[in-house]
Amino acid sequence: MKKTLTLLAALLLALPLAAQSHERPRVAVVLCGGGAKGAAHIGALKVIEEAGIPIDIVCGTSMGALVGGLYSIGWTPQEMDSIMHAQEWTTLLTDRIDPNTLDVNNRRIQNTYALWHAISTNEEGGGFVRGINLDRLFSQLLYGYLDSIDFYSLPIPFACVATNLIDNAEIDFHHGYLKQAMRASMSIPGVFAPVRMGDKLLVDGGLRNNYPVDIAREMGADIVIGITVQGEELTADDITHTVTVLEQMVDINCRNKYQYNVNQTDLLLQVDVTGYSAASFTDDAVATLIARGEKIARENWDNLLALRRKHGIDSTARPATLRRPIPQPEKQRRLEGSPLLGEKLIGAAFRFDNEENGALQLGGRLPYHWFAPMEASAFLRLGKRLQLHVENTIFPRGITSPSVAYTFYRDDMDYYIGGRRQLNVRYNRHSVDLLPINSHFRRYLLRAGLRWDYYHYDDHTLIRPGLDLGDLPNAHYFSLRAEAIHNSENHWYFPSTGSLIHARYAYVTDNFFTYNGGPGLHDISARWRVNLPIASRLTMQPMAYGRLFIGDEHPHPFATVLGSEWFAMATEAQMPFDGVTDIEYVDRNLVALRLQLQYRLMKNHYIHARFTMASSFSHFDDFQNPEDLVNLFGGAVAYFYDSFFGPIGFNIGYSNLLDKPTFYLTLGHQF
């Protein structure tokens, strides 16, 4: 009885406080969708807070759901500004994995295929991007709010909108998993995979309600401040690419409800987004859009203060539920391992260069389980050099993943001497690799095993007299091989820190022991590059590299040749050299030093200036007689743009080997 009386007294005392908390009107902020344009919401929120207007409710759609969801759990506009600028959006909006979390082999794969897609067998719907990186980011930013919760219980009550793709119904989220709701609200159809919830398949809420003022009213909002990033209505001339098509679809689907919601808004902040689209996620664009959101809010500063005075809101007023600190994990988890782990995958890549012209590569990986976890992979390269590779890898417990692979090559190669075409060779090559040692680590790769090669020559045509190779007989080669890589560079193509060491060794025979009755042949190649930052944009990159071929004979498949850059190698025996664009014969042994300066003009734009000197020779005894050495030097100036489809660039070079200027153009990834 005594406890009951105490409880009643506490309730009676709480009633005046509750009444007092509702004396002022409840203020809602509504944030519309718009992709990258939604960054403007952050700037506007900064000014609304400065004006002393408390925010009791937040509603949003698509990008508005992302900004609104973060704001509702306590992230400030200033913190969200930093978050927006910290993201690598070209990676975040794809399923590519942070390269620092991948082993060397999977870094190579990720930097080979411009387009790759994981084919999921789970309950997710179709979409080119599954949202792996978005999910990772949401898990970090929403830490502490990852369980199923009532969104009214958040520090600021929140709601967001999605669309059910099955019946085109609007789905309003007021409870559940916050991460899932935000992810569903921004799932652009055909771009991001839909979010499945029971019998619903959820996509971007902008298709039904891109500016959800009506939901804020239903949640009890007395005052609505709306921030919209809707641009001018598009004409036929404006709809020229995929992004504008999607924007037009959204505008058409929600135009009637949009105007209704605008009419329900007490203060509308219409951001000028001229010149920007939903895909404008560059650093400069994000900064400008945030600034424009702040600008429109400051232009309405008097209106914000007038609204506050009209409704009797004290400038010191705050929401009834005060924000609480955001719990932070001791260590933010990174998505580890391969982007392909446990996934079926297909990929495509394209490249063009002076030597080969166009080439297309299609690849895929299929994980399965027999007596142990396994993975079958294959790729097909179409172009002047045809290649088919099939491999099966076993993943037992341990540090090695044994594999067996078959590769077919169809090559049609032109060979040059002094810049003049001397020989054309057409042949088929069959290779089988058995690799009992196949270990992949984050910065290291080690492979060792056996290889069988068979070369079948269709034809070789002598273009100019003076180069006598004799007959090129069909031949078998058996070799013991080893390869080791250490790669701590921070970028696959344009590193500014770290180092790269890549070494290969092969003992070549015709019976695993001897070659033509004599000792086997030794094929050794290596390169070592170090990246030394000189300034924030300038990196010095010294590199030593070379190839040694030791033996009494020198079969044609192992002829040392010079060519263009590392990411355009035609054979394992090819070495790059500045000022050389075609495949040039040199002596069997080569040692070289290169000094390169790399300057980053702006994001993804690079200029290279480099100088290379080398010596080629037939035998080691030539070192004792400098006259028998062939000394080479070359230099080049290059420009590259690091695009989604791989490096796009050109270089202008010169070498004493050709004694003339050269021009080399390359587009696309290395493969």
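The values are calculated or read from the model by the stated rules, or taken from the named source; none is laboratory data. These numbers were taken from a predicted model, which means no experiment stands behind them. Here the Cβ positions follow ideal geometry from the backbone for every residue, glycine too, while neighbour counts run over all protein chains shown. The area values use the complete protein model at the heavy-atom level, side chains included, leaving out ligands, DNA and RNA. Shrake-Rupley method; radii C 1.70, N 1.55, O 1.52, S 1.80 Å.
Numbers below:
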read-out: Some residue of the range 90-110 being closer than 30 Å to Ser488 by Cα, basic (Lys, Arg) and open to solvent by less than 30 Å² (accessible area, probe 1.4 Å); value: yes
read-out: Strands (runs of 3 or more DSSP E) fully within the range 530-598 counting 1 or more residues that are over 24 Å from Leu629 (Cβ atoms) and open to solvent by 10 Å² or more (accessible area, probe 1.4 Å); value: 538-550
read-out: Filtered residues of the range 354-382 (kept if within 16 Å of Tyr113 (Cβ to Cβ), out of contact with any Ser or Thr (no Cβ under 9 Å at 6 or more places or on another chain) and either surrounded by fewer than 18 Cβ atoms within 10 Å (Cβ to Cβ) or modelled with pLDDT under 85 (or both)); value: Leu360, Leu362, Ala378, Leu380, Leu382
read-out: Residue satisfying all of: in the range 489-501; open to solvent by 30 Å² or more (accessible area, probe 1.4 Å) and under 26 Å from Ile524 (Cβ atoms); modelled with the lowest pLDDT among these; value: Trp492
read-out: Residue tally, condition of a type in the set (A, V, I, L, M, F, W, C), within 20 Å of Gly668 (Cα to Cα) and within 28 Å of the chain's Cα centre (by Cα), over the range 539-598; value: 5
read-out: Qualifying residues in the range 640-663 (those that are under 26 Å from the mean Cα position of the chain (by Cα) and open to solvent by less than 70 Å² (accessible area, probe 1.4 Å)) - the one nearest to Ala114 (Cα to Cα); value: Gly646
read-out: Neighbours by Cβ (under 7 Å, 6+ apart or cross-chain): first from the range 57-74, in contact (Cβ under 8 Å) with a residue 60 or more places away in the chain; second assigned to a helix (DSSP H, G or I) and open to solvent by 10 Å² or more (accessible area, probe 1.4 Å); value: Met63/Gly35; Leu70/Leu141
read-out: Subset of the range 609-629 (residues that are modelled with pLDDT of 90 or more and open to solvent by 40 Å² or more (accessible area, probe 1.4 Å)); value: Ala609, Phe611, Met613
read-out: Selected residue (only one of Ser431, Ser439, Ser401 is touching a His at 6+ places or on another chain (Cβ under 8 Å) and among the small types (Gly, Ala, Ser)); value: Ser401
read-out: Residue ID - modelled with the lowest pLDDT, chosen from residues in the range 470-484 that are assigned to a strand (DSSP E or B), farther than 11 Å from Ala448 by Cβ and open to solvent by 40 Å² or more (accessible area, probe 1.4 Å); value: His476
read-out: Set Met186, Met182: member being in contact with a helix residue (DSSP H, G or I) (Cβ under 8 Å, 6 or more places away or on another chain) and either among the basic types (Lys, Arg) or at pLDDT 90 or above (or both); value: Met182
read-out: Given (1) at pLDDT below 80; (2) farther than 23 Å from Ile188 by Cβ, number of the condition Pro54 does not satisfy; value: (1)
read-out: Residue, most open to solvent (accessible area, probe 1.4 Å), within the range 171-230, restricted to residues that are among the acidic types (Asp, Glu) and part of a strand (DSSP E or B); value: Asp172
read-out: Residues within the range 391-447 that are among the small types (Gly, Ala, Ser), over 27 Å from the mean Cα position of the chain (by Cα) and not in a loop (DSSP other than H, G, I, E, B), tallied; value: 3
read-out: Ile648 vs. criteria free of Cβ contacts under 8 Å to residues at least 24 places away in the same chain and over 24 Å from Gln422 (Cα atoms); value: yes
